[in-house]
Amino acid sequence: MIRQLTPLVLAAAIATLPAQARTLRYASVGDVRTMDPHGLYETFTQATLASIYEGLVRMNERLELEPSLALSWENPEPELWRFRLRPGVRFQDGTPFTADDVVFSFARAATEGSDLKVPVATVREVRAVDPLTVEITTRGPNPILPREIVFLGMMSRAWAERVGATAPVDIRQQRENFATRNANGTGPFRLALREPDSRTVFAVNPDWWDTPRHNLTEVIFRPIANAPTRVAALLSGELDLMEPVPVQDIPRVSATPGLRVLEGPEMRTVFLGMDQSRAELTDSPLRGRNPFQDLRVRQAVLLATDAQAIHQTIMRRQSRVAGLILGPGVEGYDSALDTRPAVDIAQARRLMAEAGLADGFEVGLDCPNDRLVNDQAICTSLVSMLARINIRVVPNIRPRAQWGQKVLSRNTSFYLQSWSTPTYDAFNPIVSLLAAPRDGRGTFNSGGYENARIEALIPRIQQETNPTARRAMIGEVLGIHRDEVGHIPLHQQFLAWGARSNVTTPLMPDNVIKLYLTRIE
C-alpha cells in the first residue's frame, strides 16, 4: 500500500534531510605545528587555529579590526583598555565564555612555554570587572594593543584545568600536552580529527555565535610538501584549494578548465639572518672568532647576494626585491629607506680582506624546503653567489618542523627566514626580529642582533600616540638596522593560491585562508 504524504508532512520530512555536504579539501606546504593557540606565534599555525580559537577582535577581509568575542573596546586612559564581551558565547564543550577566561588566556600567553609573549609584553594586569567586562592595564600607553592581540585565542580556564593544560609547552623542545593535539574554542569550526603530518579535519560548530558566511560542512586539510604532488592533486580533483602554486606552474593551473589562480602581493618578507651573538659559529669549522660579528663581513655578504637574480630567475618575477625587513602595506614603512646596494663583488672582496678573511670561511645555511616559495632553490643559489667572496656555504635543508626547531631555538649560524606582519604595523617585526632576545622581546631574533639605540627606541615607539613622531622613530630604527646589516632582506614573495572555480575565498595579503568566509558554490 502506498501512503500519500500531506503537504505539511512532506515539508517536515524535507526539513529533516541533511543540507548538501560541502567539504573543502585544501593543502599547504607544511602542517599546523600545534593545536595550542599559545604554542607557536607563526602565521600559518595561528591563522588555521583562528577557525577554532577566537580572539577579542579579528581582522576582516578589508584588513579592518572588527568585534569578535569583544563587542566593543575603548581606551579611556593612556594605560587602560576596557573590553565589553559578547554575551551568550559558549565554548565547544558547552561551558560559557566569560571575563575569567580572558584573564586566564592572557596569563597563559605570558607564561613559560608560550610563544605569544610578544603580543602581551606590554600587559601589566588583566582584571575581570564583571562576567562581561575586562580591563587591561599596560606598562605605559599602547595605542595598538587591539591590533597586537588579534591572534591571541581565548581558551576555557575550566577545560584547561580539567585536561591538565593550564600552561602551554614549548614545542621547539618537542614537548606536548593535551592541548597540543586537542582543541576547545568558540569559533566557527571544531577539531574533529588530528593526525599530525597527515591530515586535520574540521567540523562545523553548530553553536557558533556569529551568522555563518561560509557554507562548508567539513574541512579536510593535508600538508603536501612536494610541489609537483600538490599541483597534481589540484589538477586531478583531489583538492579544492591549495597554496602556494609554484611560480612555474601558474600558467598551467590558470589554463586548466575548472581551475583558477588567485594572485596578489604578500606582506611576508624573506630574509637571511646571521648569528651575531656567539664568540664562535656553531655551524662552521672556523675557530677563534665569529665573522658575522664584523660589520664588514655582513656588508660583504649583502654585496655578494644578488637579490635581483633571485627575483628574475628563481622567483620568475613573482616577488618584489626588498631593502628593508618589512614592505609596503605595513604602517611605518618608508619607501625612501627601502634601498639596497648593487651587487659589487670587488668591493665585497675588499671588505673580506679588511676583515682578515680574504680566504673566506665555511658556514652552514639552515633552510626549510616546505615553508616559502622556492625556498630550497633560494638557498642553493647562495652557494655560488657567496663562493665569489670565498664563503663556502653548506646548505642544511630540512622540512619546516626540523628547520624551525633548530633556528627558532637559536641553534643556528646562518639561516633563511621570513616574517609576515599580523598587526600590519612596523612595531611587530621590530619587537619580534630586531629587539634583543630577552624580557619577552626578540622571540624570533634567531641571530641575536642587538643595537643599543634600537633598544632605547622600542619602548618609546610602543607608547607614542603621535603618528608623526612614531613614524619618525620607526624610520630611525629601520635605517639603523639596514645600515648595520642586521639581517639581509631578499624580497616580498607573491601569493598564488590554486582553487577550483566554484570556490570563493578572499585573497589576504597576510596569506591567511579565512575559512569562515570561504564558500563552495
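Taken together, the values in this text are just the output of simple stated rules run on the coordinates, not laboratory data. Nothing here was measured: the structure is a model prediction, and the numbers come from that model. Reconstructed Cβ throughout: ideal geometry from the backbone, glycine too, with neighbour counts over all protein chains shown.
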The chain: D in µm²/s via Stokes-Einstein (Kirkwood Rh, Cα pairs, 25 °C, 0.890 mPa s)?
-> 101 µm²/s
Considering amide H positions built from the backbone, and no H for Pro or chain starts, which residues 5 or more places from ILE389, or on another chain, come under 5 Å of its amide H?
-> none
Provide the gained length on full extension for the span ARG162 to THR468, in nm with one decimal, where the gain is 0.36 nm per separating residue minus the Cα-Cα distance.
-> 105.3 nm
Which ³J(HN,Hα) values, rounded to whole Hz and listed in residue order, are derived for segment 126-139 from phi using the Karplus coefficients 6.51, -1.76 and 1.60 in 6.51 cos²θ - 1.76 cosθ + 1.60 with θ = phi - 60°, glycine and proline given as x?
-> 10, 10, 7, 6, 7, x, 10, 9, 10, 10, 10, 9, 10, 7
If we sort 480-491, 395-406 on the protection proxy, mean other Cβ atoms within 10 Å, highest first, what's the order?
-> 480-491, 395-406
Convert 25 °C to kelvin, take the viscosity as 0.890 mPa s, use the Kirkwood radius over C-alpha pairs of segment 279-403 as Rh, and evaluate the Stokes-Einstein diffusion coefficient in µm²/s, rounded to a whole number.
-> 155 µm²/s
In debye to the nearest 20, the charge dipole size for segment 101-233, taken about the Cα centre with +1 at each Lys and Arg Cβ and -1 at each Asp and Glu Cβ, equals 300 debye
FRET efficiency estimate (nearest 0.05) - Cβ-Cβ, ARG199 to ALA336, R0 56 angstrom | 0.75
Phi angles of segment 402-409, converted by Karplus (6.51 cos²θ - 1.76 cosθ + 1.60, θ = phi - 60°) into ³J(HN,Hα) in whole Hz with x for Gly and Pro, give 6, 4, x, 4, 6, 6, 6, 8
With Cα coordinates, the longest principal axis of the chain makes an angle with the long axis of helix 295-304, in degrees rounded to 10, of 70 degrees
Cα gyration tensor shape of segment 154-295, rounded if a/c is under 1.5, else prolate or oblate by comparing a/b with b/c = oblate
Among LEU495, LEU457, ALA469, whose Cα lies farthest out toward the positive end of the dipole of segment 455-521, if unit charges sit on the beta carbon of Lys, Arg (+1) and Asp, Glu (-1)?
-> LEU495
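Between ARG316 and ASP130, how high is the FRET efficiency from 1/(1 + (r/R0)^6) when r is the Cβ-Cβ distance and R₀ = 60 Å? Nearest 0.05.
Details: r = 57 Å, r/R0 = 0.95.
Once the sixth-power term is evaluated, E becomes 0.60.
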Given the C-alpha centroids of segment 122-165 and segment 202-263, what is the distance between them in whole angstrom?
-> 34 Å
Mind listing the long-range amide H neighbours of LEU365? Cut-off is under 5 Å, sequence gap 5 or more, other chains count too, H placed in the peptide plane at 1.01 Å from N.
-> VAL394, ASN396
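Okay, helix-only estimate at 222 nm for the chain: each DSSP H run of n ≥ 4 adds -39500 (n - 2.57), divide by all residues, round to 500 deg cm²/dmol; what do you get?
Values: 14 runs with 129 residues, N = 521.
Rounded to the nearest 500, the figure is -7000 deg cm²/dmol.
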Sorted by chain and number, the residues with a modelled amide H under 5 Å from that of LEU259, at a separation of 5 or more or across chains, are SER501
Taking the highest mean first, how do the peptides 81-94, 140-153 order by number of other beta carbon atoms within 10 angstrom per residue?
-> 140-153, 81-94
Here P(r) for segment 361-464, Cα-Cα distances in 5 Å bins, as whole percents, is 2, 12, 19, 19, 18, 14, 10, 5, 1, 0
Between the alpha carbon centres of segment 437-466 and segment 351-380 the gap in Å comes to 26 Å
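Let me know the shape class of segment 397-521, please: from the alpha-carbon gyration tensor, a ≥ b ≥ c as square roots of the eigenvalues, rounded when a/c is under 1.5, otherwise prolate if a/b is greater than b/c, or oblate. Don't skip to the answer; put the middle values down first.
Numbers: a/c = 2.46, a/b = 1.46, b/c = 1.69.
Taking the square roots of the gyration eigenvalues as a ≥ b ≥ c, segment 397-521 is oblate.
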With 0.36 nm assigned to each residue of separation and the Cα-Cα distance removed, GLU112 to ARG62 gains 14.5 nm
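Ranked highest first by the average count of other Cβ atoms within 10 Å around their residues, in what order do 277-289, 190-202 fall? It would help to have the intermediate numbers written out before the result.
Values: 277-289: 14.2, 190-202: 16.1.
Going by the mean number of other Cβ atoms within 10 Å, highest first, we get 190-202, 277-289.
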Can you give me the relative contact order of the chain as a percent, contacts being Cα pairs under 8 Å and 6 or more apart?
-> 19 percent
Length gained when the stretch ILE345-ASP207 is fully extended (0.36 nm per residue, less Cα-Cα span) = 43.5 nm
Using θ = phi - 60° and the Karplus curve 6.51 cos²θ - 1.76 cosθ + 1.60, what whole-Hz ³J(HN,Hα) does each residue of segment 69-78 get, with Gly and Pro shown as x?
-> 6, 9, 6, 7, 8, 8, 10, x, 9, x
Excluding PHE202 itself, what net charge comes from residues whose Cβ is under 11 Å from its Cβ, given Lys and Arg +1 and Asp and Glu -1?
-> +2
